[in-house]
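The values are calculated or read from the model by the stated rules, or taken from the named source; none is laboratory data. Just so it is clear, the model here is predicted, and its values are computed rather than measured. Using ideal geometry, Cβ is built from the backbone for each residue, glycine included, and neighbour counts are taken over all protein chains shown. Surface accessibility is based on the protein's heavy atoms, side chains included, excluding ligands, DNA and RNA. Shrake-Rupley method; radii C 1.70, N 1.55, O 1.52, S 1.80 Å.
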Amino acid sequence: MPVSIKDIARAAGVSHSTVSRALAHSPLVREETRKRIQQLAVEMGYSPNIAARSLVTKRTWTLGLVVTTIADPFVAEVVRGIEETALDQGYGVILCQSNAEPVREIAAVRALREKRVDAVIVSASRVGDLYLPLLEEIQVPIVLVDNEQSSSSVHYVLSDDLQGGRAATEYLLSLGHRRIGYITGPMENKSSENRLRGYQEALRAAGVDPDASWVGPGNGRLHGGEKGLLTLLTLSPPLTAVFCYNDVTALGALRYARQRGLRVPEDLSLIGFDDIAFAAYMEPPLTTIAQQKYEMGRLVATMALELIAGHDVQDIILPTRLVIRESCRKYEQGASHN
C-alpha cells in the first residue's frame, strides 16, 4: 500500500494538515518539525500525488528550463544549482536544449507552455530577439540566466560582465601588453557585448585606442576560439595577448596557437572567462575571470520560486573575480611574440 500523509502524521504524532504544510515547505511549520517530517517521509517511502496536488494548488510543481546546450560546462554548473534548489523545494525541472537554433528554441518554449510549467528559466542567447513576446504570453514568471531584458514581466540573475571584461583587460595591461585582442561570443548575447565593452573601456582608460581589427569573431565554442584566433593572427604587427569570451573559446584558441607553433604564454598570453572546472587543468593552467555559476543557478531558481509564491523580487548582478594561473606573462619589448 502506498504511504499516505495520514500515515506520516500518525508516525510523527502531528496533524494531517501539519504534514501537508511541512511537505509544502510552509513557513507556518517550525523548521525543526518540518525537517523531522520531511525525513520521516523519505524513510517511509512517501511519494506525493502530483496530479491531486495540482488540482488543489493550481500548480504543476515544475519549472521549465531552456538552455543552449548542457555540454557547455558553464551551463552544466548553473543547471546543477537550479535543479538542486528546485528539488529541495519539492519542484521538478523540465530541461530543453535548443542548440542555439531559433526554430528549436521557439519549439521548446511552446512545449513548456503546453506542459503548464509554473515558471520558465531561460539560459539562451536569443531570448530578446526571438521569443520574449511568446514567453510573456505564457503568463508565468520568467527568469533569465546571465542575460537581461527591459521588460517588467521578466527578471534576471547575471554576472557583472562589464566589470569582468575590464578586469581581464586591466590585468593584461598591468603585464605591459598594449596590443590586446578579444575573441567574441555570440554577438546577439548581451554577455559578449558587455565583455567587449569592458575590454574597450579598459584599453581607453590606459590610453590605448581600441582597434576594430583586434576583435575576432567567435561563438563561445571550441571552433569559435580557433576561428577567432586565426583572424587575429593575420595582424601585423602581431597581438601579444588575447582575451577570450569564455574558457571554452580560450581552449580552442590555445589549440590553434599550438598548431601555428605559438607558445602560450611565451609568444601569446591568453585569458578566459567563467573558470570552468578544467580551466585549472589546461596546459598551461588558464588565467580567467571566475563567475559564480552554481550560485547563479541557485539564485535563479530561488527567484522563480519567490515569483510563483507572489513575492516581489529584485534583479541580481553578481560580481566576478580574476583567477591568476599560468597562461599570461609579462610583455617584454623586443622579445619574440609571433
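Kindly indicate whether any position in segment 172-189 is small (Gly, Ala, Ser) and within 17 Å of Thr320 (Cα to Cα). For segment 172-189, residues small (Gly, Ala, Ser) and within 17 Å of Thr320 (Cα to Cα): absent. Mind checking whether some residue in segment 285-305 is over 24 Å from the mean Cα position of the chain (by Cα), buried (at least 24 other Cβ atoms within 10 Å of the Cβ), within 21 Å of Gly185 (Cα to Cα) and not β-branched (Val, Ile, Thr)? No, segment 285-305 contains no residue that is over 24 Å from the mean Cα position of the chain (by Cα), buried (at least 24 other Cβ atoms within 10 Å of the Cβ), within 21 Å of Gly185 (Cα to Cα) and not β-branched (Val, Ile, Thr). Among the residues of segment 142-154, which ones are over 17 Å from Tyr294 (Cα atoms) and surrounded by fewer than 22 Cβ atoms within 10 Å (Cβ to Cβ)? Hits for segment 142-154 are Glu148, Gln149, Ser150, Ser151, Ser152, Ser153, Val154.
Inside segment 259-273, residues that are under 31 Å from the mean Cα position of the chain (by Cα) and open to solvent by 60 Å² or more (accessible area, probe 1.4 Å) make up a count of 2. In segment 92-113, the residues that are over 15 Å from Asn189 (Cβ atoms) reach residues that are open to solvent by less than 60 Å² (accessible area, probe 1.4 Å) and part of a loop (DSSP other than H, G, I, E, B) with C-beta atoms within less than 8 angstrom, at least six apart or across chains, in these pairs: Gly92/Trp61; Ile94/Val117; Gln97/Thr68; Gln97/Thr69; Arg104/Ser98; Ala108/Ser98. Selection over segment 167-185 of residues that are among the β-branched types (Val, Ile, Thr) and part of a strand (DSSP E or B) gives a count of 2. Annotation note: of Leu135, Leu203, the sole residue that is more than 19 Å from Leu286 (Cβ to Cβ), of a type outside the set (S, T, N, Q), open to solvent by less than 10 Å² (accessible area, probe 1.4 Å) and modelled with pLDDT of 95 or more is Leu203. Just one of (1) within 15 Å of Pro186 (Cβ to Cβ); (2) at pLDDT 90 or above; (3) polar (S, T, N, Q) fails for Ser125. It is (2). If only residues of segment 206-220 that are of a type in the set (A, V, I, L, M, F, W, C) and either buried (at least 19 other Cβ atoms within 10 Å of the Cβ) or assigned to a helix (DSSP H, G or I) (or both) are counted, the one that is nearest to the chain's Cα centre (by Cα) is Val215. Scanning segment 1-20 for residues that are loosely packed, with under 12 Cβ neighbours inside 10 Å and either of a type in the set (Lys, Arg) or at pLDDT 90 or above (or both) yields Lys6, Gly13.
Applying the condition of being open to solvent by 40 Å² or more (accessible area, probe 1.4 Å) and among the polar types (S, T, N, Q) to segment 68-100 and asking which residue is nearest to Leu222 (Cα to Cα) yields Asn99. Go through segment 162-204 and count every residue that is free of Cβ contacts under 8 Å to residues at least 60 places away in the same chain and touching a Gly at 6+ places or on another chain (Cβ under 7 Å). Counting residues in segment 162-204 that are free of Cβ contacts under 8 Å to residues at least 60 places away in the same chain and touching a Gly at 6+ places or on another chain (Cβ under 7 Å) gives 9.
If only residues of segment 45-67 that are touching a Lys or Arg at 6+ places or on another chain (Cβ under 9 Å) and open to solvent by less than 70 Å² (accessible area, probe 1.4 Å) are counted, the one that is modelled with the lowest pLDDT is Ser54. As a summary of the residue check, Gln259 satisfies the conditions (1) within 14 Å of Val75 (Cβ to Cβ); (2) without any contact (Cβ under 8 Å) to a residue 60 or more places away in the chain; (3) polar (S, T, N, Q) except for the one numbered (1). Do we have Leu87 as within 18 Å of Ala304 (Cα to Cα), at pLDDT 85 or above and touching a Leu at 6+ places or on another chain (Cβ under 6 Å) here? So Leu87 fails the test.
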